[in-house]
């Protein structure tokens, strides 16, 4: 059974704290994603990684950074958490799509982060 | 820039009726994939159906079918014989084949009424 696991389901942090959200996949996928989900805004891509140590900014990278030191692990870092980063964070992985027509993303269970 | 538009924030449908959820997309890439996901209240994201831009036939998966109209850049999801368990948030997504970024629309919340 394929799996994407996020380290926490719920997290409460204080403004200004450095926050790490961890995601691990066991499918040997090249691609990993971090999305943020807010009511009325859908899923917005924060960062995307297509290989170890490789990353690309998504639509809303401000205030976030990422780390991918190993293929199976993709971390989202909030350098100095702010209340407007309170949200649901979803991690996903997928195999590379090059030459492969059907490469949907597999999602973790989500982390609901509250910054107070 | 790639963009997915879902114009229906919410829908109410009587059980056993068919449902059409709208999705339009914008891309300059000639080759791309289109996806639909379901997110029930539990929060998990469930992959439903895929359509490739060069597929000649509309995709079908059980009660789900995708009404793909390439010229209109439209990829509507059709759910036949709706069930109470279909109540959920539904997201349309697109991945251009030149890179692997997957972008999503804002979603449609579907309510099935008994």
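Bear in mind these aren't lab numbers, they're just calculated from the coordinates by the rules spelled out. Here the structure is a predicted model, which means the values were calculated and not measured. Cβ: placed from backbone, ideal geometry, glycine included. Neighbour counts: every protein chain shown.
The table that follows gives values for the structure above.
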| quantity | calculated |
| --- | --- |
| Sites residue A:5 and residue A:65, calculated FRET efficiency, Cβ-Cβ separation with R0 22 Å, nearest 0.05 | 0.55 |
| Cα gyration tensor, the stretch A:37-110 - rounded (a/c under 1.5), prolate or oblate | oblate |
| Among B:99, B:26, B:86: highest mean-square fluctuation, GNM of chain B, C-alpha pairs under 10 Å | B:99 |
| Inter-part distance where the stretch B:54-97 and the stretch A:38-65 are each reduced to a Cα centre, Å | 25 Å |
| Taking A:11, A:76 and counting other C-beta atoms within 10 Å, the order from fewest to most | A:11, A:76 |
| Cα centroid separation, the stretch A:5-25 to the stretch B:4-35 (Å) | 32 Å |
| Other protein chain Cβ atoms within 10 Å, averaged over every residue that makes up B:90-97 | 3 |
| Ellipsoid semi-axes in whole angstrom, largest first, where each is sqrt(5λ) of the Cα gyration tensor of chain B | 24, 14, 12 |
| Percentage relative contact order, chain B, counting C-alpha pairs under 8 Å, at least six apart | 38 percent |
| Projected label distance in nm at residue B:74 and residue A:17, using a 7 Å step from Cα toward the beta-carbon | 4.9 nm |
| Within a Gaussian network of chain A (alpha carbon springs, distance under 10 Å), most fluctuating of A:40, A:63, A:16 | A:40 |
